[in-house]
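Input: a single structure, listed below in structure tokens.
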Amino acid sequence: MDLSGFMKEHLGDLESAYTGLFAASAIDPAFIRQTGDRAIEPGALFCLKQLTAQEPSSSDGYALAPHYLVYVTDDNEVKYPFSQTKKMLDILKKQGLGHHLPNQEAIQSFNAITRHGKDMEHYRQLLETAISSIIGTHQEKGIDSLFSRGGTRLNQGRFQGMDDFEVVSFLIIREPAQAATS
């Protein structure tokens, strides 16, 4: 079932869902063997919403604003910035499509890392990296506009930091157990 089909059937559930919901998923080793693609690594894929009152500008060239997807690996590196939304949506589809029950292996791995959700420091650091990447990209675009025709787009004070964003949801991506132990 694709996103549009899911939304048609579950729109009420989505509208009443709390923010900050997350899921844990283990990388499918068969996908990596079949494709040789390491597009999926352990980390977190965050869906964030800009909370600042300023309306997003269409001149920014980002159609999904005020929502941002950012994929940060467990090594605290931005794997895919918000500008690569299509790639992240493909990953979400690969990790979730056809899975109707929680992935117990991924949940156990998550619980071991976070002490059953009591110590979220690792994921808070990944979240900070995700937000910093959004802020940094917007600052870079503003600086780049200094050297282009059409004027400067320095949106002073547009994003200040963590408080400018709300975590809508996030996907924890873990190594499969057999890969983690070998």
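Residues that are over 17 Å from residue 25 (Cβ atoms) and at pLDDT below 90: list the helices (runs of 4 or more DSSP H) wholly contained in the range 63-182 that include at least 1 such residues. Walk me through it before giving the result.
Numbers: elements: 85-96, 104-114, 121-145, 177-181.
Filter on the range 63-182 gives 121-145, 177-181.
Of everything in the range 3-49 that's acidic (Asp, Glu) and closer than 28 Å to residue 109 by Cα, which residue is modelled with the highest pLDDT?
Our first condition is that a residue be acidic (Asp, Glu); within the range 3-49, this holds for 9, 13, 15, 28, 37, 41.
Then drop every residue that is not closer than 28 Å to residue 109 by Cα, which leaves 13, 28, 37, 41.
Working: 13: 81, 28: 79, 37: 66, 41: 90.
Once the filter is applied, the top-ranked residue is 41.
The values are calculated or read from the model by the stated rules, or taken from the named source; none is laboratory data. Here the structure is a predicted model, which is why all the values come from computation and not from measurement. When we count neighbours, we look across all protein chains shown, and the Cβ atoms used for this are built from the backbone with ideal geometry, even at glycine.
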